[in-house]
1. May I ask you to verify whether Ser142 is closer than 29 Å to Leu402 by Cβ, away from the ligand (no atom under 16 Å from the Cβ) and either surrounded by 16 or more Cβ atoms within 10 Å (Cβ to Cβ) or assigned by TED's automatic domain parsing to the domain that holds Ile93 (or both)?
2. For region 419-439, give me each residue that is over 20 Å from Gln250 (Cβ atoms) and touching a residue at least 60 places away in the same chain (Cβ under 8 Å).
3. Enumerate the pairs (first residue in region 360-388 and under 22 Å from Tyr87 (Cβ atoms) and small (Gly, Ala, Ser); second residue anywhere and modelled with pLDDT of 95 or more and in a loop (DSSP other than H, G, I, E, B)) with beta-carbon separation below 6 Å, excluding pairs fewer than 6 apart on the same chain, so at least 6 apart or on different chains.
4. Can you tell me which residues in region 33-84 are assigned to a strand (DSSP E or B) and acidic (Asp, Glu)?
5. Report yes if Ala242 is more than 11 Å from the ligand (Cβ to nearest atom) and of a type outside the set (Phe, Trp, Tyr), otherwise no.
6. Of the conditions (1) closer than 17 Å to Gly54 by Cα; (2) at pLDDT below 95, Asn376 satisfies every one except a single condition; which number is it?
7. What are the residues in region 362-382 that are under 10 Å from Asn288 (Cα atoms) and within 24 Å of the chain's Cα centre (by Cα), if any?
8. Is region 14-22 home to any residue that is within 26 Å of Val325 (Cβ to Cβ), buried (at least 20 other Cβ atoms within 10 Å of the Cβ), of a type outside the set (Gly, Ala, Ser) and in contact with a strand residue (DSSP E or B) (Cβ under 8 Å, 6 or more places away or on another chain)?
Amino acid sequence: MERVAILGSGMAGWGAAHRLHQEGVPSITYDKNGYHGGHTASFKHASGFIFDEGPHVSFTKHKRLQKLFAESVKEKYEVIHARPNNYWKGHWIKHPAICNLSGLPTDLVVNCLRDFIGAQHDQENNIERKPIDNYADWLIASYGKTFAETFPMEYGFKYHTTTADNMSTAWLGPRLYRAKLEEVLVGALSPETPDVHYVDYVRYPSYDGFVSYLDLLPKQTQINLGHQLVRLDPAAKELHFANGVVVGYQAVISSVPLTELVPMIVGAPPDVVEAAKKLACTNCVMVNLGLNRSDLSQGQWTYFYDRDICFTRLSFPHMFSSHTVPPGCGSIQAEVYFSEKYRPMKGSPEDYVAPVIADLKRCGVLREDDEILHTNVHVSHYAQIIFDLERADALATVHAYLDDIGVAYCGRYGDWLYIWTDEAFISGENAAQKTLERMRVSKSR
Ligand SMILES: Cc1cc2nc3c(=O)[nH]c(=O)nc-3n(C[C@H](O)[C@H](O)[C@H](O)COP(=O)(O)OP(=O)(O)OC[C@H]3O[C@@H](n4cnc5c(N)ncnc54)[C@H](O)[C@@H]3O)c2cc1C
C-alpha cells in the first residue's frame, strides 16, 4: 500500500489527510512543531488562560465542514452572534463603519457622504474616472475618497504593512462590505442600524481552544511531530528532516510556506528561487493578557485605525468561550503587525507588551485598577499574505515549478492566499485529490 507524505499538520494538512483517509490511502504527516495544528494551535497556560495562535473562530458556511468540526469536538461548541466593532480617534463604531457613521464629526460625515454618493453615481452610470489598477483605486471607486482614505486605507496600512496603492484586489472576496446608499444614509442619521456584516454567526469549541476542531486529525493520519523539513529531493523522492531522519516518498503534499519550501528543493532553478523571495507576508506579535474581569468590550473583536495605537486588532477570547479563562475573568489578544519586506520588527517581541498595555488604557479598554493576571507574547512568522503587486507573477512561477516536479501544494502558505481555516482544509482536500489522480495515472502506466 502506498503512503503519502503530508508536510504540515494544520488545517490544510488535515484536509489532505482526511481526503486520503476517505479513500483508504494511508498517510504520514510531518510537522516541525512539537504539537499539531499549525496556525490553529491553542496554548493552555498554567494561569488557566487559553490563547490561540491569533484569534480564531470558524466562519464556515459549508454544512459538511460544520458537521466534521462539530464531530471533532463531540458537538461541544459555541455559536456566537458576531458583533465586531471599530475604534477611531476615541469613537467606538459599529461594524462596518461605512454603514454606521452617525456620531462621528459632522464635517467628516458630510465629506464621506458627498464622496460616497459621487462614487455610487459614477458606478451606476459606468463612468470610470480612473482605471482600477490597485486596491486604493478600488477603495476610492467603491466608497469615495474621504471614507477610503480615513478608514480602510488606514486600517490596511496597519494590517498589511504596505499602502493600498501597492496592493492588488485579488484577496478581497466578500471581505469588505459593499454598502448600498440607503444603508449609508440610515447609518449616518441613526445609531440604530441593522447588522450587515458578512459574518453573522461564528463557531468556537467550548473547551480547550480552537485546536480542538482538529481532534479527529490524529485518527486519520500518522503524525510525526518534531520533524522539520530541511531538504526535498524531487529526483530521489526523498525528504530530509533536521533531526537526521530521511524518508522516501511516493507522493508528497506540502503546506509548508512557499518561501521556505522552494530554497529547500534540490535543483530548484534560480528564477524560481528568486520568485519565491518576492512573496511577502506579515509577521504578527500577539500580546495576550488575562484580566480579573470579563466586561472588557462590547464586540468580540475590534479593528483599530489610528496609527498611534500600536495594535491593529483586539480580540476577546473569553467572549468566544468562557472556558478559555478562569471563572469571572476576561482575556485580550492584541495583534501588532510587521513584515520583513515592508515593516521589519524592531527590538524584541516582548518590547510590545508595555506599549500595548498603555494603548489599551488610552482607549479605555483597560482601567488603572485592572489586575493583569496573565501576560505572554507569541510571534507568528507567517500571518497574513500580502497581496502586493509582485505577488501574482512570482506565485505563477513558483506554482508552475512545483507542478512540474510533482509536489502538491496547499493551504494558506502553499497556495499563498488570504484564506480561512475552512478554505485551507478544502485546499488540502483538493491537493490530495490531485495526488490520488497522479498516483492512479502512474500506476496505470
Ligand atoms: C492572526 C490570524 C488570525 C486568523 N483568524 C482566523 C479566523 O478567525 N478564522 C479562520 O477561519 N481563519 C483564521 N486565520 C487563518 C487560518 O489560520 C489559516 O487559514 C489556516 O490555519 C491555515 O492552515 P494551513 O494548514 O494552510 O497553514 P498552517 O496552519 O500554517 O500549517 C502549516 C504547517 O506546516 C508546518 N511547517 C512549516 N514549515 C515546516 C517545515 N519546514 N517542516 C515541517 N513542517 C513545517 C507548520 O508547523 C504548520 O503546522 C487567521 C490567521 C491569522 C494569522
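1. Spelling it out, it is not the case that Ser142 is closer than 29 Å to Leu402 by Cβ, away from the ligand (no atom under 16 Å from the Cβ) and either surrounded by 16 or more Cβ atoms within 10 Å (Cβ to Cβ) or assigned by TED's automatic domain parsing to the domain that holds Ile93 (or both).
2. Residues satisfying the conditions are Trp420, Thr421, Asp422, Ala424, Phe425, Ile426, Ser427.
3. Once the first residue is under 22 Å from Tyr87 (Cβ atoms) and small (Gly, Ala, Ser) and sits in region 360-388, its partners that are modelled with pLDDT of 95 or more and in a loop (DSSP other than H, G, I, E, B) give Ala383/Thr282.
4. Passing the criteria: Asp52, Glu78.
5. no
6. Result: Asn376 passes all but (2).
7. Result: Thr375, Asn376, Val377, His378.
8. No.
The values are calculated or read from the model by the stated rules, or taken from the named source; none is laboratory data. What you see is a predicted model; the values in this text were computed from it and never measured. Note: ideal-geometry Cβ built from the backbone for every residue, glycine included; neighbour counts use all protein chains shown.
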